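**Student:** A single structure is presented below for examination.
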Amino acid sequence: MSNNSENSEFRRIKENDPHTTSLICEITNFENMTNEEWEELGRDISNNTRLEYLELGSTALNDRNMSLLCRGLTRSASIKNVALYDNGLSVAGVLSMVPFLQNANNLQELDLGDNNIKPEGFNVLCRSLRDSPIESLSCQKCCIESIDVDNDYFPRHLMHLDLGNNNISIDGCHGIAKLLQGKNTALSSLYLTMNKIDDDGAGILADALRNNTSLTTLVLKYNMMTIEGAKLFLQLVNDVSSIKATLQSNHTLQRITADYGGDDQDLNERIQRHIDNALKINALYATSSWSLPEEACKEKVILTQLHSETRAKLAALQGVNHSLYSEINSLHLPEVLALVGRRHGQGELYVALRSSIAGVISTVNKKQCLQQQRAYFRAKIAEYRAKAEAVEAEISTIEAAEGRVVDIENESYSNKRRRA
């Protein structure tokens, strides 16, 4: 074991040095290592109880050496962070790691960026990490163009996933959408920078996020979206087509970072401002200790639907051309108008009154009509109650008369018997 024995870092790992909590190696650390030395290094890492950070990057490994290393490296009770970037690993290298990944009981972060694991390797990763405590997985530039992972095999505790620079397009978006729609997903941050996601892909992601309540960060820088993609994300976080649609918008996302192509930079900026405003409302009502998405949706209705100028801008961007007040029950209008006055002032109250005057009048007319109907039916009830009482009295009179006839007949019969 000449090479391992001479390497001071490897020696400290083997001796379980309490002061050595990280191992950072490059290709020069592994020159002339034999197969047995690779396997022994793996065993030493497995047996070490102090090591928390392991970095074997920058072409330090390949599929063959990973296989040798993982003959010994089959578990760890201490490692929290593993960086294996830029090694040219393929699905074969990932398969070698499976026993370690399944038995690294404290693993929190794994960086496999700039390898060649492809969709098959990503699938193996997810299955291996399903029950792992891992929270962060980076697979940048790993040739993962499509994703076919069943929700039941996606890492249950994974919160941060980086799939940047993978040429992901519509097919990949469909796979990601399936993960976002999983009932038990814990994913809170998704990084899709430098892919090939266009407006159709944006639509797939937006649809998947409508009912998602875990993702707070979505990064889509350097893709292929246009203004239409931006409008889809605006509608995702604040749909003004109806009050119900606003209430059913996404109230969990707090950050969407994206580039939108096109020559109208002013329109780009206006849409992004509206997106950011909706995201700020989401963030305001979501903290680490409490979350009130139902309050966020109410606030969006108040700040955007019940403010005439803001709603007009959003409606124009989303192609909405009907009045808000046409969908409000006329009986609720007084309460809504009072809310407008409290939150937006007299100017907005005047605009709201002008827009809803027909409904207000119909409310008054309807109230008067209902009052008249109530009086009519009450009079009818009194009339029929009097008639019912008269009928009851007549029935009682008849029953009393029938009783007297029976008594007379009985008395006549008794007299005849006494004379006989």
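**Student:** Note down the nm distance, to one decimal, between modelled labels 7 Å out along Cα→Cβ at H322 and at A401.
**Tutor:** 6.6 nm
**Student:** Now, a different point. Please list, by residue number, every one of the GluC sites (Glu not before Pro) in the stretch 26-131 that is coil in DSSP and has at most 15 other beta-carbon atoms within 10 Å.
**Tutor:** When the GluC sites (Glu not before Pro) of the stretch 26-131 are filtered for loop state and at most 15 Cβ neighbours within 10 Å, E26, E31 remain.
**Student:** Would you kindly give the portion of the calculated P(r) for the stretch 1-74 that falls above 19 Å, as a percent of all Cα pairs?
**Tutor:** 24 percent
**Student:** Can you give the Rg/Rh ratio of the stretch 143-294, where Rg is from the C-alpha atoms and Rh is the Kirkwood radius?
**Tutor:** Expressed as Rg/Rh, it is 0.95.
**Student:** Once fully extended, how much extra length lies between H19 and A312, figured as 0.36 nm per residue of separation less the alpha-carbon to alpha-carbon distance?
**Tutor:** Residue separation times 0.36 nm, minus the Cα-Cα distance, leaves 99.1 nm.
**Student:** Additional query: Anything over 22 Å Cα to Cα? Flag those among K280/K313; K178/K300; K196/K244; K178/K244; K80/K196, in the order listed.
**Tutor:** Check vs 22 Å cut-off fails for K178/K300; K196/K244; K178/K244; K80/K196.
**Student:** How much area per residue is accessible in the stretch 50-189 when the probe is 1.4 Å and only protein heavy atoms are counted (Å²)?
**Tutor:** For the stretch 50-189, the solvent-accessible area averages 41 Å² per residue.
**Student:** Just the Kirkwood number for the stretch 210-275, please: inverse of mean 1/r across all distinct Cα pairs, in Å, one decimal.
**Tutor:** Computed over Cα pairs of the stretch 210-275, the Kirkwood hydrodynamic radius comes out at 12.4 Å.
**Student:** A further question follows. Using a Förster distance of 60 angstrom, determine the FRET efficiency expected from the C-beta separation of A245 and V98, and round it to 0.05.
**Tutor:** 0.85
**Student:** What share of Cα pairs, in percent, lie more than 27 angstrom apart in the chain?
**Tutor:** 66 percent
**Student:** Can you pull the Kirkwood radius for the stretch 245-330, inverse mean 1/r over Cα pairs, to one decimal in Å?
**Tutor:** The Cα-based Kirkwood calculation yields 14.2 Å.
**Student:** What do you reckon, how do F377, F154 stack up by accessible area (1.4 Å probe), largest on top?
**Tutor:** In descending accessible area the options line up as F377, F154.
**Student:** For the stretch 258-317, which chymotrypsin sites (Phe, Trp or Tyr not before Pro) pass both filters: DSSP loop (anything but H, G, I, E, B) and at most 12 other C-beta atoms within 10 Å?
**Tutor:** W290
**Student:** For the stretch 26-172, what size does the Cα cloud have along each of its three principal axes, sorted from largest down, in whole Å?
**Tutor:** Ordered largest first, the stretch 26-172 gives principal extents of 45, 27, 19 Å.
**Student:** Which percent of Cα-Cα pairs in the stretch 67-131 sits in each 5 Å bin, short to long?
**Tutor:** 4, 18, 29, 31, 16, 2
**Student:** Among W38, A296, M224, which residue has its Cα positioned farthest towards the positive end of the charge dipole of the chain, with +1 placed on the Cβ of Lys and Arg, -1 on the Cβ of Asp and Glu, and the dipole taken about the Cα centre?
**Tutor:** About the Cα centre, the residue reaching furthest to the positive side is A296.
**Student:** A follow-up question, please. Starting with the highest mean, order 178-185, 329-336 by the number of other Cβ atoms within 10 Å, averaged over the residues of each peptide.
**Tutor:** 178-185, 329-336
**Student:** What distance in nm separates the simple spin-label points at D276 and A388, each placed 7 Å from Cα in the Cβ direction?
**Tutor:** Output for this residue pair reads 6.9 nm.
**Student:** Each label point is 7 Å from the Cα along the Cα-to-Cβ direction; what then is the distance between the points at Y53 and R343, in nm?
**Tutor:** For the pair Y53/R343, the computed spacing is 4.7 nm.
**Student:** May I ask you to compute the full-extension gain from N105 to V351, defined as 0.36 nm times their residue separation minus their alpha-carbon distance, rounded to one decimal in nm?
**Tutor:** Stretched fully, the N105-V351 segment lengthens by 82.4 nm.
The values are calculated or read from the model by the stated rules, or taken from the named source; none is laboratory data. Remember, predicted model here, so these are calculated numbers, not experimental data. Cβ atoms come from the backbone with ideal geometry, glycine included; neighbour counts cover every protein chain shown. Quick note on the areas: whole protein, heavy atoms, side chains included, nothing else; ligands and nucleic acids left out. Shrake-Rupley method; radii C 1.70, N 1.55, O 1.52, S 1.80 Å.
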